[in-house]
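Remarks on the structure that follows.
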Amino acid sequence: MEQRVLGRTGRPVSVVGLGTWQLGAGWGDVREEDALGVLDASVEAGVTLFDTADVYGDGRSEQLIGRYLKGRPDADVLVATKFGRRVEQRPEHYTLANFRAWSDRSRANLGVERLDLVQLHCPPTPVYGSDEVFDALDTLVAEERIAAYGVSVETCAEALTAIARPGVASVQIILNAFRLKPLEQVLPAAAAAGVGILARVPLASGLLSGRYTASTSFAADDHRTFNRHGEAFDQGETFSGVDFATGVEAAAEFAGLAPEGASPAQTALRWIVQQPGVTTVIPGARNPEQARANAAAAALAPLPGDTLAAVRGLYERRIRPQVHDRW
């Protein structure tokens, strides 16, 4: 699989990685056997980046990754984890003492001495402007608790503030065919600064797979049920903030743009991979078959100009008028 250097980490990673929120919680139950199978299928398909967080299943996702990689010393995988969401979201909690405790917990979960990449997990907006916060992250690097740090953001404004920080190695941001705003300023700024971009929620929580209808329902413990209107966390994390009914209709139109031999989901991933400035895209997978299909998107031919124009047209007609300016 094609590899790209992940910003200031200096490490090459696969253009299609693996997001592992679903292996912890928030997407309905995933059995341990299936979770380990997803990790193995991804590695066998050439994936070299796993994205996780200490809050996914209260550590379950990290623990599963640690257990898997312990048994696969031949797997050259960069593990990007995140911290900060296990406490009340107040800026005063983002301290060196907490960072040390949080990173130590993730190191124990993953079974490593040093974390490859730690990302602030969508912290309160004032955190991005705090010199003390980023000094504390520099201290974790100096103490060799972490090799590098980045941020996971909700808004383009937060991303631009983070990119200006000299120690930030990468920015994780929602980017998909229903969320084009990062293309305007964030991706060019990141490329100019040498900051890596991890594109998350690439299928708009599954909408862009084209498998859902207006009557599709999800389990009670799936965020697509309990956070559809932002009841539990930022609404932008669920269906990219798009109204479900609108998204289903737009996704049906998007599915018609898939080239022969490619699924709508693979087309959505291929679209992200070829956006200038993107390092890697991190779709989730609930079973090995999904993991292999996601990875195969990297081998698709680049989408032609008329398809790219059609994606933009669909967004302008169906999505942009409906999505909140915040995103």
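Per-structure values
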item	result
With 10 Å bins from 0: P(r) over region 214-327, alpha-carbon pairs, percent	12, 37, 41, 10, 0
Share antiparallel - DSSP beta bridges, the chain, percent rounded to 5	15
Accessible area per residue in Å² at 1.4 Å probe, computed on region 92-176	35
Extension gain, Asp34 back to Asp234 (0.36 nm per residue minus Cα-Cα distance, nm)	69.2 nm
Computed FRET value (nearest 0.05) for Thr95 with Asp306, which takes r as the C-beta separation and R₀ as 56 Å	0.60
Burial order of peptide ranges 114-124, 290-300 (average beta-carbon count within 10 Å, highest first)	114-124, 290-300
Matching label, Kirkwood radius over Cα pairs in Å computed from the structure shown, candidates (i) 19.6; (ii) 20.3; (iii) 22.4	(i)
Expected-Rg normalisation [2.2 N^0.38 Å, Cα atoms] applied to region 117-171	1.02
Computed FRET value (nearest 0.05) for Val141 with Gln3, which takes r as the C-beta separation and R₀ as 22 Å	0.40
By average C-beta atoms within 10 angstrom, highest first, the peptides 47-58, 276-287, 185-196	47-58, 276-287, 185-196
At least 30 Å along the helix axis (C-alpha) and Kyte average at least 1.6, DSSP helices within the chain	none
Assigned charges on the beta-carbon of Lys, Arg, Asp, Glu; region 61-116 dipole about Cα centre (debye)	160
Approximate spin-label separation Ser217-Arg72, in nm, with each point projected 7 Å along Cα-to-Cβ	3.6
About the Cα centre, charge dipole magnitude for the chain (Lys/Arg +1, Asp/Glu -1 at Cβ), debye	320
Within-12-Å neighbourhood charge of Ala101 [Cβ basis; K, R +1; D, E -1]	+3
Sulfur and carbon atoms: percent of accessible area, region 26-183 [1.4 Å]	47
Stokes-Einstein diffusion coefficient of region 213-272, Kirkwood radius over Cα pairs, 37 °C, 0.692 mPa s, in µm²/s	257
Å² per residue, accessible surface of region 177-300 at 1.4 Å	36
Percent accessible area from carbon and sulfur atoms, region 230-308, protein chains only, probe 1.4 Å	54
Leading residue at positive end of dipole, region 239-327 (Cβ point charges), from Leu314, Leu257, Gln274	Gln274
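The values are calculated or read from the model by the stated rules, or taken from the named source; none is laboratory data. None of the values given here were measured: they were computed from a predicted structure. For neighbour counting, all protein chains shown are included, and Cβ atoms are generated from backbone atoms with ideal geometry for every residue, glycine included. Only protein heavy atoms, including side chains, enter the accessible area calculation; ligands, DNA and RNA are left aside. Shrake-Rupley method; radii C 1.70, N 1.55, O 1.52, S 1.80 Å.
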